[in-house]
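Heads up, the thing below is written out as structure tokens.
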Amino acid sequence: MRSLPTILKTELLAESDWFQIEALHLEFSNGQQRVYERLRGSGYQSVMVVALPDPHHVLLVREYAVGVEQRVLGLPKGGVEGDESPEQAANRELMEEVGLRAGRLRELGLLTLAPGHLCHSCRVVLAEDLQPCTALGDEPEPLEVMRVPLARVPALVASGELHEARAIAALFMALSNKSGI
């Protein structure tokens with residue numbers, strides 16, 4: 001396996017409360033030098049929840065996504081706060097966004113998004129044994145919650161209605177899992 005490039009210099013190009021844009025001056029093992037830019041977060045950790053009310057359905061939410069300026073179909077998700085574990089954060093997000101809590105939670109793995117340019121990862125958590133329980137969240141408006149047959153997910157992807165890459169990958173992780181789904 002090749003060694004990682006050497007970082008010769010890091011420059012801060014721009015910054016907001018949420019992000020930093022950095023330029024990294026790199027030297028590769030063959031002597032080639034390049035400058036790469038990346039969007040670095042503020043250390044924000046996140047979770048995405050595959051909530052199964054039963055073995056044949058998944059809960060999807062539709063919410064406004066400012067990056068694409070439309071309402072997007074996806075999975076419940078949010079940030080990990082303080083000393084929360086990914087499972088605790090997933091349960092809190094479920095209560096805030098869907099009005100349910102899980103009796104059984106299991107982390108399925110980690111997803112990255114555009115790792116060539118973004119320093120962001122998301123933990124995927126499977127939530128089962130769901131019971132009613134609400135908590136006040138930070139959403140500016142209530143989310144549309146949909147109970148969707150798992151068998152319908154490929155059609156939603158094929159039609160373009162479900163296009164959020166992390167949600168598609170998280171659903172694949174859950175469907176590939178050995179829990180009998």
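Entry note: the chain has Rg to Rh equal to 1.04, where both radii use alpha-carbon atoms and Rh is the Kirkwood radius.
Express the carbon and sulfur contribution to the solvent-accessible surface of region 24-150 as a percent, rounded to the nearest whole number, probe 1.4 angstrom. Carbon and sulfur atoms account for 50 percent of the accessible area of region 24-150. The mean accessible area for residues of the chain, using a 1.4 Å probe and ignoring ligands and nucleic acids, is 60 Å² per residue. DSSP finds beta bridges in region 17-128, and of those with both partners inside it, around 75 percent are antiparallel. The calculated 222 nm mean residue ellipticity attributable to helices in the chain amounts to -5000 deg cm²/dmol, summing -39500 (n - 2.57) over DSSP H runs of n ≥ 4 and dividing by all residues. Averaging Cα coordinates gives a centre for region 71-136 and one for region 141-157; these two points are 16 Å apart.
Classification of region 104-161 by its C-alpha gyration tensor yields a rounded form. The axis ratio a/c (a ≥ b ≥ c) stays under 1.5. Globularity index of region 1-93 is 1.56 (Cα radius of gyration / 2.2 N^0.38 Å, N = number of residues). Against the chain, whose longest principal axis is taken from its Cα atoms, helix 86-97 shows a tilt of about 60°.
The values are calculated or read from the model by the stated rules, or taken from the named source; none is laboratory data. Bear in mind that the values here come from a model prediction, so they are computed numbers and not experimental data. The area values use the complete protein model at the heavy-atom level, side chains included, leaving out ligands, DNA and RNA. Shrake-Rupley method; radii C 1.70, N 1.55, O 1.52, S 1.80 Å.
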